[in-house]
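This report concerns only the one structure given below.
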Number of protein chains: 2
Amino acid sequence: MADGRTGPVHSGENLLFLTDEQLRQGIEAMFFAYRGFTADPDRILADLAYGRAHHRAVHFIKRAPGTTVNNLLSILGVTKQSLNRVLRTLIEDGLVESRVGKLDKRERHLFLTADGEALEQKLSDAQRSRMRMAFREAGPESVAGFRKVLEAMMDPEMRYAYMRLKDTGS
Amino acid sequence: MADGRTGPVHSGENLLFLTDEQLRQGIEAMFFAYRGFTADPDRILADLAYGRAHHRAVHFIKRAPGTTVNNLLSILGVTKQSLNRVLRTLIEDGLVESRVGKLDKRERHLFLTADGEALEQKLSDAQRSRMRMAFREAGPESVAGFRKVLEAMMDPEMRYAYMRLKDTGS
DNA sequence: AGCTTATGTCAGTGTTGTTGACATTCCAAG
DNA sequence: CTTGGAATGTCAACAACACTGACATAAGCT
């Protein structure tokens, strides 16, 4: 490690892609790419006095309509106080509807209103558009690799949540 | 677009990887993976009363010792006032040294002290370790694709900054 | 009846972004 | 040489959004 390398020591395999230098480039790629990833929605949100937190909430309510607060909490990985602040404004502004559960009346099920759907559409159009360009430029094999690395990078619980959503959608 | 698809319309090419569903999965993969990406450094920083911004500053000072505040600013994409707060605490705590420029005395050149190097090492070890596992699990072809997609996702300016750093390192 | 779960709220704090104002330094035009 | 503008960096105040801790309410469970 003193030489700043982690590379090919124990086998004939080509492990050059695991040098510290390659890893550092991966880290910086993540940093810069994430900025691009959030840039377009951020611009839209700025005009509406909303932030990234609102986007995330709206996105996952769209994905899993009727989800409970607790469920959303575990997906977003924030505290209920933090989520509540966001949900409250979204409900007040008529973008999200909160219905008392039928079976368990303690639960609140969350849905997007027509306005909420409209905002979600606007935001995800912007984000998908960038993702589409990146995917197209990189090609299908690269996209598969992209997904594979990202999935391996997730915490196990997040990976589980991601997989569950993935199955729901397709 | 009404049917929620973007897919194969205009050619014999297989463009299934560009469906809205695939794009959505890519978006969610970015979201969940970025959380894992920052989780390990965040845990270390929490004990030290530092945050992600400190990590970023230390990382890029390590990468380009002697960089000016302005230079760092353009890489990090925040206001100088925001960066300054972070730099001030790092300098007060003896992790970063700020030297007045020789040619241009308006400039400040930034360097890590021994303590600063130690923290950077600790943080980047943690982050590299996760990246290494993800890379190893995914394999070299996937890593290449991962990088290709991320690079295509960056804003042009960020992509330029990233490329410049990339060339510096290798 | 008593314990737990799900949700919401209030208060306080910390990090990190923002804008506005200002000091210092450099450089170039008059 | 002086003066005015541009570049660089610093200080102060404010907003967004995360956190913790404490508490309230309602509902389900044993």
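Things to note:
- Against the empirical curve 2.2 N^0.38 Å, the C-alpha radius of gyration of segment A:79-170 lands at a ratio of 1.41.
- Helical content alone sets the calculated 222 nm signal of the protein assembly as shown at -22000 deg cm²/dmol, taking -39,500 (n - 2.57) per DSSP H segment of four or more residues and averaging over every residue.
- Kirkwood-Stokes translational diffusion coefficient of chain B, alpha-carbon pairs, 20 °C, 1.002 mPa s, µm²/s: 115 µm²/s
- Pairwise centroid distance, computed over Cα atoms, of segment A:105-170 with segment B:111-170, Å: 23 Å
- Angle between chain A longest axis and helix A:20-46 axis [Cα atoms, degrees, rounded to 10]: 20 degrees
- Three-way shape label, segment A:70-123, alpha-carbon gyration tensor, a/c 1.5: oblate
- With the convex hull of its Cα atoms as the shape, segment A:26-67 has an orientation-averaged projected area of 3.8 nm².
- Burial order of peptide ranges A:135-145, A:63-73 (average beta-carbon count within 10 Å, highest first): A:135-145, A:63-73
- Across the identical copies, how the A:TYR160 labels are spaced - nm, sorted shortest first, 7 Å along Cα→Cβ: 4.6
- Rg/Rg_ref, the protein assembly as shown, where Rg_ref = 2.2 N^0.38 Å and atoms are Cα: 1.07
- For the set A:LYS62/A:LYS102; B:LYS80/B:LYS105; B:LYS62/B:LYS166; A:LYS148/B:LYS62, the pairs lying more than 22 angstrom apart at their alpha carbons are A:LYS148/B:LYS62.
Read-outs throughout are calculated quantities, based only on the coordinates presented, and are distinct from any laboratory measurement. Nothing here was measured: the structure is a model prediction, and the numbers come from that model. All Cβ positions, even for glycine, are placed from backbone atoms using ideal geometry, and neighbour counts span all protein chains on display.
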